[in-house]
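Here's the structure we're looking at; comments come further down.
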Amino acid sequence: MNAVPALPHTGVPLPPASGAWREGDPPGRRQWYAARKPLPLEAGGELPGAQLAFETWGRLAPDGSNAVLVLHALTGDSHVMGPAGPGHPTPGWWDGLVGPGRPLDTDRWFVVAPNVLGGCQGSTGPASARPGGHRSWGGAFPFLTQRDQVAAEAGLADALGIDRWALVVGGSMGGMRAVEWAVSYPDRVEALLLLATTAAASAEQIAWADVQLHAVRSDPHWRGGDYHDGGPGPHAGLGIARRLAHITYRSESEFRIRFGRTPQDGEDPFGGGRYQVGSYLDHHAAKLVRRFDAGSYVVLSEAMNAHDVGRGRGGVRAALGRVTARTLVAGVDSDRLYPLAQQAELAAHVPSADRLRVIESPYGHDGFLIETEQVAELVREVLDTASPDTASPGKGLHAGNSRTDPLGTGG
């Protein structure tokens with residue numbers, strides 16, 4: 001009997017082709033929105049049969065005034081809160097912020113979290129079946145931009161009866177979509193919280209993503225993106241991409257203090273063994289390969305590279321001038337992937353933003369996911385401004401840090 005393929009060093013068995021959610025898998029808490037018409041795409045053409053998987057918590061007010069949109073980062077999904085279980089490979093990625101009595105109090109707010117269009121946890125993406133057939137989209141899946149993804153989310157809002165979001169919040173790629181929401185649909189966003197994100201992808205961000213794209217596409221099992229319907233998937237390439245990405249998500253000081261030059265237990269680097277930091281990267285590669293899809297990684301990375309809120313709008317400054325939402329902008333002081341200068345630009349040019357808030361963290365870009373208490377203070381601040389009776393007064397952004405698992409989720 002042939003052994004089940006596993007990632008090197010981990011012994012973790014690999015999925016046949018992809019870690020994507022597929023039709024017939026347990027739905028978990030997901031609901032689905034199906035667009036009635038093909039979605040026009042910014043790059044040309046259209047996407048027929050688009051669906052978004054999403055989850056909700058709380059109850060929508062009769063006038064629709066209490067809806068909050070939470071937008072995930074590159075490898076996130078709709079499962080913002082709750083345990084792992086059938087249909088959900090990981091626990092909620094912002095569990096400390098959403099729920100009864102938490103900053104996004106679901107006894108008061110109706111929280112909506114979609115899986116991004118092009119993703120792989122229930123929304124239409126490369127792993128999804130093409131309309132009218134049984135084969136997956138694969139390499140034929142069209143090029144998407146953040147504007148396309150936001151247009152799909154606007155359709156979801158319409159279907160839910162939400163004319164205006166009380167708050168749109170997102171970090172990293174989710175922050176890109178959040179700022180696109182506020183620029184594309186200014187009348188539909190009352191308040192905006194932007195975390196560790198940018199108005200336009202920088203040359204360096206594009207460069208980091210480009211190397212990751214090459215890693216995936218160089219895997220012999222990539223097959224032009226047409227690997228979903230039989231045979232192994234490009235797990236090695238996706239694992240390399242994740243290792244590289246995770247380095248950019250964390251900080252040099254964390255790696256130095258946490259790992260240094262220490263070998264992995266029982267291994268000798270002089271004899272082919274690993275250092276602890278290498279074992280850590282292997283761990284994150286194995287986790288991602290089992291819950292994500294390489295095709296979605298490519299589609300979403302290309303959409304992030306294309307992000308430029310000023311495209312066709314007279315430049316970034318003119319585009320940000322369209323924002324009417326009350327806005328808070330925050331960055332992470334140790335973030336080397338989305339440096340503070342990018343958030344300073346947002347804060348300077350969004351009319352209603354005041355000063356840049358700084359999240360203090362040794363964890364780099366992942367700080368916006370890990371520094372739960374500091375992010376909670378920002379959420380309370382922006383929601384207190386909207387509705388003074390919704391939460392107790394904030395204690396100050398840097399008053400105490402309550403952190404989730406310091407391994408983080410990345411990206």
When all Cα-Cα pair distances of the range 321-362 are considered, the percent exceeding 14 Å is 43
Select from VAL316, VAL70, VAL111 the residue whose mean-square fluctuation is largest in a Gaussian network model of the chain (Cα-Cα springs shorter than 10 Å). VAL316
In Å², rounded to a whole number, the accessible area per residue of the chain with probe 1.4 Å is 40
For the range 115-159, what is the largest minus smallest coordinate of the Cα atoms on each principal axis, given in angstrom and ordered from greatest to least? 30, 21, 18
Out of the total accessible area of the chain (probe 1.4 Å, heavy atoms of protein only), what percent is carbon and sulfur? 54
The range 280-391 -> Rg/Rh from Cα coords, Kirkwood Rh, value 1.03
How many times 2.2 N^0.38 Å is the alpha carbon radius of gyration of the range 148-304? 1.29
Please compute the volume of the convex hull spanned by the alpha-carbon atoms of the chain and report it per residue in Å³. 144
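How big, on average over all directions, is the shadow cast by the Cα convex hull of the range 214-284, in nm²?
Here the figure is 6.1 nm², rounded to one decimal.
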Classified through the alpha carbon gyration tensor (a ≥ b ≥ c as square roots of its eigenvalues; rounded if a/c is under 1.5, else prolate when a/b is larger than b/c, else oblate), the range 88-208 comes out prolate
Given 10 Å bins starting at zero, what is the percent of C-alpha pairs of the range 162-209 in each, up to the one with the largest pair distance? 28, 48, 18, 6
How high is the relative contact order of the chain, given as a whole-number percent (alpha carbon pairs under 8 Å, six or more residues apart)? 18
Whose amide H sits under 5 Å from the amide H of SER251, counting only residues 5 or more places off or on another chain, with H placed in the peptide plane? GLY364
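The values are calculated or read from the model by the stated rules, or taken from the named source; none is laboratory data. Here the structure is a predicted model, which is why all the values come from computation and not from measurement. For accessibility, only protein heavy atoms count, side chains too; no ligands or nucleic acids. Shrake-Rupley method; radii C 1.70, N 1.55, O 1.52, S 1.80 Å.
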